[in-house]
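*Asks:* Structure provided below as structure tokens; questions to follow.
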Amino acid sequence: MNRGFPLNCGCGGRITKFTSSTQDNPKRPFFRCETRGEVSEFLEEVMLEELEDALPKVEVHETEIAKMKSEIKDLMEVVMNNKIEIQKKKVVIKYLVVYACVISVAFGAYVLY
């Protein structure tokens, strides 16, 4: 027998949700085959099966999320280090441009005299 919400009966008939009117199970929702009239399961039993099947998947996702958070933290550190290195390189480039200008002016002055 399949777990979780029934889609159709083993006979191929459609499963429909009904509400019990018996004294033992008043107003208790259940599933029944429209063709054979057999009661499949009560709603809370089906919901419990769905939750039991979903919990391991949630745990796997929690583990994956924790790994991703760790990777994001590591990547953010790399980004910050790269930003610092870029700032340092910008300063070096500015000095090199100023140095190149000074050399050009000095060379130009030398050529003119």
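*Asks:* Run E52 past the list (1) modelled with pLDDT under 90; (2) acidic (D, E); (3) assigned to a helix (DSSP H, G or I) and report the number of the one that doesn't hold.
*Replies:* (1)
*Asks:* Contact list please: Cβ distance under 6 Å, first residue in region 21-33 and under 23 Å from L7 (Cβ atoms), second residue assigned to a loop (DSSP other than H, G, I, E, B), pairs at least six apart or on different chains.
*Replies:* R28/S20; F30/S20; F31/P6; C33/C9; C33/G13
*Asks:* Here is a list: F107, F18, F31. Which entry is assigned to a helix (DSSP H, G or I), among the aromatic types (F, W, Y) and either on the phi < 0 side of the Ramachandran plot or at pLDDT 90 or above (or both)?
*Replies:* Checking each option against the conditions leaves just F107.
*Asks:* Right, L96: within 27 Å of the chain's Cα centre (by Cα) and either assigned to a loop (DSSP other than H, G, I, E, B) or at pLDDT 90 or above (or both) or not?
*Replies:* no
*Asks:* Just checking, which of E64, E49, E59 is closer than 30 Å to T16 by Cβ, out of contact with any Asp or Glu (no Cβ under 6 Å at 6 or more places or on another chain) and not aromatic (F, W, Y)?
*Replies:* Residue meeting the stated conditions: E49.
*Asks:* From E77, E71, E85, which residue is over 30 Å from N2 (Cβ atoms), of a type in the set (D, E), at pLDDT 90 or above and within 21 Å of the chain's Cα centre (by Cα)?
*Replies:* Sole residue among the options that is over 30 Å from N2 (Cβ atoms), of a type in the set (D, E), at pLDDT 90 or above and within 21 Å of the chain's Cα centre (by Cα): E71.
The values are calculated or read from the model by the stated rules, or taken from the named source; none is laboratory data. Computed from a predicted structure; not experimentally measured. When we count neighbours, we look across all protein chains shown, and the Cβ atoms used for this are built from the backbone with ideal geometry, even at glycine.
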